[in-house]
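Quick notes on the structure that follows.
The values are calculated or read from the model by the stated rules, or taken from the named source; none is laboratory data. It should be emphasised that the depicted structure is a prediction, and the values quoted were computed from it without experimental measurement. Every residue, glycine as well, gets a Cβ built from its backbone with ideal geometry; the counts of neighbours run over all protein chains shown.
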Amino acid sequence: MQHKPDFPKNWNISQTELIAQSANGSVWKCQYANNETVVIKAFLSDDKTEATSGLNYLLWRDGVACVRILAQSKNFIMMEYAGEQALSNLVINNNDKQATLIAANLLRSLHSNPSLSFAENFIPLSDWFASLFIRANSSLLSPLNDFYRDSAKLAQNLIAQCTIAQPLHGDIHHDNILLSPRGWLLIDPKGLIGDPSFDAANLFYNPIQQTQHGLDKNRVIFMATEFSKALEKPVEHILDYAVAYGSLSASWFAEDDNKADELRQLQIARRLKEIKDQLFEA
């Protein structure tokens, strides 16, 4: 069981509740000095290297469409509490189209001003796709895994074609969008940099428990259309990034020997490519 960390005394933290933990630390829901509910990420050491890009992204956004950083102290980060109602709840309650429109509005908020200045300390997509590139070049792959190779080529082409790289949240999905008193907000960014279309990609594969949605042609077209309008990118471009992302995600699951989720991601990625080819065949 995770022991409660020694939070900074001047924060006057009380009523702590563990809500997540990993090998690198833990996440706590707490009461702050003024009885405000906050979330605190506690790292096992003062080195927050793994979280640096995500932290910088939140600092850069400064509360716009994302949770706000409230304080930092050594290995602790205090953030705004965004509530417990996730966007996935709308999907579960048969409001999937509404969920898509909410996600599209957040994408619009994130990427509506490409000239906005930012610190150049985010992870490039060429690095983020490393797992897929490695897997595509593996001699262990059978001919049945050509999809990985094709997806890697697609990703490389997409990255090379990007002319204006922007900071990306990097992990937008239905459970990372929460309803706060300020409205719908994003949590847990990765802090990447590249084409904004990447930020829409993971949404096609979520909620993770709803595989049938990812395979539904009408849903895919509706999502791609709304995300295209929000990001001012072609529908084909949105779908290409979604295909590439699904293969990247599958490669991560393969690294963890999680065959079921690997095959699920590949199933949806293939379906997205099929739908894109049907829409844009010569």
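Search the stretch 48-60 for residues being under 16 Å from ASP188 (Cβ atoms) and free of Cβ contacts under 8 Å to residues at least 60 places away in the same chain, and hand back the single one that is surrounded by the fewest Cβ atoms within 10 Å (Cβ to Cβ). For the stretch 48-60, the residue satisfying everything is GLU50. Taking the conditions (1) among the basic types (Lys, Arg); (2) assigned to a strand (DSSP E or B); (3) in contact (Cβ under 8 Å) with a residue 40 or more places away in the chain in turn, LYS41 satisfies each one other than (3). For ILE172, state whether it is in contact with an Asp or Glu (Cβ under 6 Å, 6 or more places away or on another chain) and either part of a loop (DSSP other than H, G, I, E, B) or in the same structural domain as ARG68 (by TED's automatic domain parsing) (or both). So ILE172 fits the description; yes.
Yes/no per residue for (1) under 19 Å from the mean Cα position of the chain (by Cα); (2) surrounded by 16 or more Cβ atoms within 10 Å (Cβ to Cβ); (3) at pLDDT 95 or above:
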| residue | (1), (2), (3) |
| --- | --- |
| SER197 | yes, yes, yes |
| ALA200 | yes, yes, yes |
| THR211 | yes, no, no |
| ILE221 | no, yes, yes |
| LYS233 | yes, yes, yes |
| TYR241 | yes, yes, yes |
| LEU248 | yes, yes, yes |
| LEU266 | yes, yes, yes |
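Can you spot a residue in the stretch 67-89 that is without any contact (Cβ under 8 Å) to a residue 24 or more places away in the chain, exposed (fewer than 13 other Cβ atoms within 10 Å of the Cβ) and not in a loop (DSSP other than H, G, I, E, B)? No. For the stretch 268-282, the set of residues classified as of a type in the set (Asp, Glu) and modelled with pLDDT under 95 consists of GLU281 only. Looking only at residues of the stretch 135-162 that are more than 23 Å from ARG271 (Cα to Cα) and either in contact with a helix residue (DSSP H, G or I) (Cβ under 7 Å, 6 or more places away or on another chain) or surrounded by 12 or more Cβ atoms within 10 Å (Cβ to Cβ) (or both), we find that the one that is modelled with the lowest pLDDT is SER138. Just give me the residues in the stretch 75-117 being among the hydroxyl-bearing types (Ser, Thr, Tyr), farther than 16 Å from ILE172 by Cα and modelled with pLDDT of 95 or more, in sequence order. Once the filter is applied, which keeps residues that are among the hydroxyl-bearing types (Ser, Thr, Tyr), farther than 16 Å from ILE172 by Cα and modelled with pLDDT of 95 or more, the stretch 75-117 yields only TYR81.
When you look at VAL27, is it assigned to a loop (DSSP other than H, G, I, E, B) and touching a residue at least 12 places away in the same chain (Cβ under 8 Å), yes or no? No: the conditions fail for VAL27. Listed conditions (1) closer than 27 Å to PRO207 by Cα; (2) in contact with a helix residue (DSSP H, G or I) (Cβ under 8 Å, 6 or more places away or on another chain); (3) at pLDDT below 95; (4) of a type outside the set (Lys, Arg) are all met by PHE129, apart from (3).
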